[in-house]
Each structure stands twice: as structure tokens, then as C-alpha cells.
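Accompanying notes for the structure given below.
The values are calculated or read from the model by the stated rules, or taken from the named source; none is laboratory data. Here the structure is a predicted model, which means the values were calculated and not measured. Neighbour counts are summed over all protein chains in view; Cβ atoms, including those assigned to glycine, are modelled from backbone coordinates with ideal geometry.
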Ligand code: GLN
């Protein structure tokens with residue numbers, strides 16, 4: 001049986017994630033209600049605007065159920081705004097902004113600078129580019145966060161290289177953590193759903209399959 005993986009569908013690029021999950025062999029459903037959350041084997045928190053998603057999570061009464069689901073071991077993959085939601089600690093949030101938490105990391109919101117709308121880099125990602133298909137991952141960062149500090153239980157999967165894809169120096173971004181895993185939680189600061197490279201979603205689908213009880 002394929003795993004059923006939800007995509008939180010309150011705001012953000014939901015369809016693209018659903019397509020990428022299906023291409024990786026999962027069944028995918030949109031999640032807007034607690035009952036839908038309870039029916040999935042894993043969940044994607046898409047990119048979008050973390051402040052808006054945070055407010056909507058509370059309006060839709062999903063904040064607590066999601067926190068409980070993460071605490072009880074639901075595999076969750078957060079991309080960009082989704083990575084912000086998974087962080088135990090947030091720097092650069094707006095007043096009153098909450099995260100769901102679960103990952104022992106400090107995430108800096110809009111870390112690449114407000115003036116930098118988009119930044120692209122070719123990344124080595126552990127678990128993705130160390131296999132037979134070792135091409136770098138073209139990572140697209142859109143007003144992206146980075147992980148400023150990661151606790152001892154967090155596995156760093158990727159860091160920003162010294163240069164962006166167009167050759168410009170990465171400056172203060174060089175060496176920053178932009179993909180990480182902690183138990184059943186996976187986070188990327190970038191958006192793999194926009195490039196057609198399905199390998200990050202495939203990694204998450206494997207993680208979900210590996211954590212299913214039967
Ligand atoms: N800057 C956004 C935020 O704070 C994240 C951007 C994204 O998800 N592409 O939520």
C-alpha cells in the first residue's frame with residue numbers, strides 16, 4: 001500500500017507538493033481539518049508565508065493537533081515557511097508569531113535579507129546526492145530562512161556553498177544550514193517542488209515508509 005501523505009493546504013504551493021509526492025509513489029491528500037490530519041502517514045508543510053500559515057493554523061484549530069501529531073512521531077517535511085513552523089526557536093518573526101516546533105533548531109526568518117527575493121545554489125544534500133544519482137540539487141530560495149543553530153540531535157543535510165549558481169559570492173549565507181533532519185522531521189529552506197527534481201520528496205516518502213508500523 002502506498003503511504004498517504006498530506007499537504008497542509010491553508011496557504012502556499014500545495015498542488016506542486018502533491019504532484020511531487022505522487023511522482024515519488026505516495027498517495028497525497030490536502031489537509032485542512034483535524035480529521036484529515038489524523039488520517040495521514042506523513043505531512044508536508046509547504047512554503048508560503050509563515051505568519052499567515054501560523055494565523056490560519058489557529059483559526060482552523062489545527063495548531064494544537066499538529067503539535068500533538070509531531071510530538072507523537074508523525075513524519076513531517078517542512079519547506080521554507082514550513083521549516084519555520086518546525087523550528088523550536090525563531091529569530092525575525094513578527095510579534096506574536098508562533099511555531100509548531102519539534103525540531104531543536106533556531107531558524108532565522110527572511111535570512112538572506114529582505115532585498116534578496118531569490119537565491120539559487122547547487123547543493124550537496126546528504127541522503128540525496130550521495131547515492132548513485134549524485135547530481136547537485138538545484139535549490140531555489142525564495143525569501144528563505146536558514147538554520148542558525150542546530151541542537152545535537154539534528155543531522156545537517158546541506159549547507160550553502162561559497163558561491164551561488166550564477167557565480168556571485170554567497171557572502172554571509174555561505175556555510176549556513178539549509179537542510180536538516182531530526183528523527184522523523186525533515187526541513188529544507190528551499191523549494192524542491194518548483195524545479196521538477198523529485199529527489200527530496202522521494203527522501204521524505206522513504207522516511208514515511210520506514211516509520212510506518214506495518
Ligand atoms: N519569508 C516567508 C516566511 O516568513 C517564507 C518564504 C517561503 O516560504 N517561500 O514565511
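Summary table below
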{"read-out": "Residue in the range 46-69 that is crowded, with 16+ Cβ neighbours inside 10 Å, in contact with a helix residue (DSSP H, G or I) (Cβ under 8 Å, 6 or more places away or on another chain) and at positive phi present", "value": "yes"}
{"read-out": "Residue identified as within 15 Å of the ligand (Cβ to nearest atom), in contact (Cβ under 8 Å) with a residue 60 or more places away in the chain and in a loop (DSSP other than H, G, I, E, B) among 25, 48, 12", "value": "12"}
{"read-out": "Condition met for residue 42 (within 16 Å of the ligand (Cβ to nearest atom) and surrounded by 19 or more Cβ atoms within 10 Å (Cβ to Cβ))", "value": "no"}
{"read-out": "One residue from 153, 127, 113 being at pLDDT below 95 and under 23 Å from residue 207 (Cβ atoms)", "value": "127"}
{"read-out": "Test for residue 40: is it assigned to a loop (DSSP other than H, G, I, E, B) and free of Cβ contacts under 8 Å to residues at least 40 places away in the same chain", "value": "yes"}
{"read-out": "Candidate set: the range 51-80, residues that are under 19 Å from residue 108 (Cβ atoms) and touching a strand residue (DSSP E or B) at 6+ places or on another chain (Cβ under 7 Å); chosen: the one nearest to the ligand (Cβ to nearest atom)", "value": "80"}
{"read-out": "Identity of the residue in the range 157-214, on the phi > 0 side of the Ramachandran plot and without any contact (Cβ under 8 Å) to a residue 40 or more places away in the chain, that ends up surrounded by the fewest Cβ atoms within 10 Å (Cβ to Cβ)", "value": "167"}
